[in-house]
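Participant: I have a structure here, written as structure tokens, and I will follow up with some questions on it.
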């Protein structure tokens with residue numbers, strides 16, 4: 001099995017806030033990330049596709065195709081947007097890095113499967129130089 005990775009970046013604003021909880025609870029849990037006027041990040045997403053290279057091309061997935069899938073399904077929808085308000089597939093999700101990486105995985109899974117000889121293996125998201133999350137359900141899910 002070969003792992004193929006592609007990175008992309010986007011800028012977006014968000015607010016960590018659980019509407020089921022009190023304002024004080026949200027301030028205590030999320031601190032500055034709960035600021036009522038939002039805050040932003042320069043995100044870096046890395047998408048990993050796993051599989052066996054095709055005999056004819058030597059590719060698991062054409063990197064130009066992977067670039068376009070990431071652009072169409074993540075960058076175009078999220079770049080310079082408010083993740084709480086502007087992104088339909090994130091509706092109702094607290095946009096923590098952990099929740100974002102899972103939602104991005106789900107958004108990319110089918111288009112990548114259709115365009116490759118492999119499958120979406122993992123998605124990582126760097127929120128800051130020190131904070132990131134990785135979602136790799138194949139480590140835990142026998143269905144893949």
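The values are calculated or read from the model by the stated rules, or taken from the named source; none is laboratory data. Note that the coordinates shown come from a computational prediction; the quantities given were computed from them, not determined experimentally. With ideal geometry, Cβ positions are generated from the backbone for all residues, glycine too; neighbour counts draw on all protein chains shown.
Participant: Within region 7-18, which residues are surrounded by fewer than 17 Cβ atoms within 10 Å (Cβ to Cβ) and assigned to a strand (DSSP E or B)? Reasoning before the result, please.
Facilitator: Taking region 7-18 first, the residues surrounded by fewer than 17 Cβ atoms within 10 Å (Cβ to Cβ) are 7-9, 11, 18.
The answer is 7, 8, 9, 11.
Participant: Further question: Against the definition (buried (at least 19 other Cβ atoms within 10 Å of the Cβ), in contact (Cβ under 8 Å) with a residue 24 or more places away in the chain and not in a helix (DSSP H, G or I)), how does residue 101 come out, yes or no? Can you show your working first?
Facilitator: Values: buried (at least 19 other Cβ atoms within 10 Å of the Cβ): yes; in contact (Cβ under 8 Å) with a residue 24 or more places away in the chain: yes; not in a helix (DSSP H, G or I): no.
When the stated conditions are applied, residue 101 does not pass them.
Participant: Just the residues that are exposed (fewer than 13 other Cβ atoms within 10 Å of the Cβ), closer than 26 Å to residue 76 by Cα and modelled with pLDDT of 95 or more, please, taken from region 19-36.
Facilitator: The answer is none; no residue qualifies.
Participant: Those residues that are farther than 18 Å from residue 97 by Cβ, surrounded by fewer than 17 Cβ atoms within 10 Å (Cβ to Cβ) and without any contact (Cβ under 8 Å) to a residue 60 or more places away in the chain, I need them from region 37-64; list them, please.
Facilitator: Passing the criteria: 37, 55, 56, 57, 58, 62, 63, 64.
Participant: Go through the residues of region 77-93 one by one and say whether even a single one is surrounded by fewer than 20 Cβ atoms within 10 Å (Cβ to Cβ), in contact with a strand residue (DSSP E or B) (Cβ under 8 Å, 6 or more places away or on another chain) and over 25 Å from residue 34 (Cβ atoms). Working first, answer last.
Facilitator: Going through region 77-93, the residues surrounded by fewer than 20 Cβ atoms within 10 Å (Cβ to Cβ) turn out to be 77, 79-82, 84-86, 88-89, 91-93.
Okay, now just the ones that are also in contact with a strand residue (DSSP E or B) (Cβ under 8 Å, 6 or more places away or on another chain), so 79-82, 84.
Still in the list and also over 25 Å from residue 34 (Cβ atoms): none.
No, region 77-93 has no match at all.
Participant: Shifting gears a bit: Of 75, 45, 69, which residue is within 22 Å of residue 8 (Cβ to Cβ), in contact with a helix residue (DSSP H, G or I) (Cβ under 9 Å, 6 or more places away or on another chain) and not in a strand (DSSP E or B)? It would help to see each step written out before you state the result.
Facilitator: Working: 75 fails: in contact with a helix residue (DSSP H, G or I) (Cβ under 9 Å, 6 or more places away or on another chain); 45 fails: not in a strand (DSSP E or B).
On inspection, the qualifying residue turns out to be 69.
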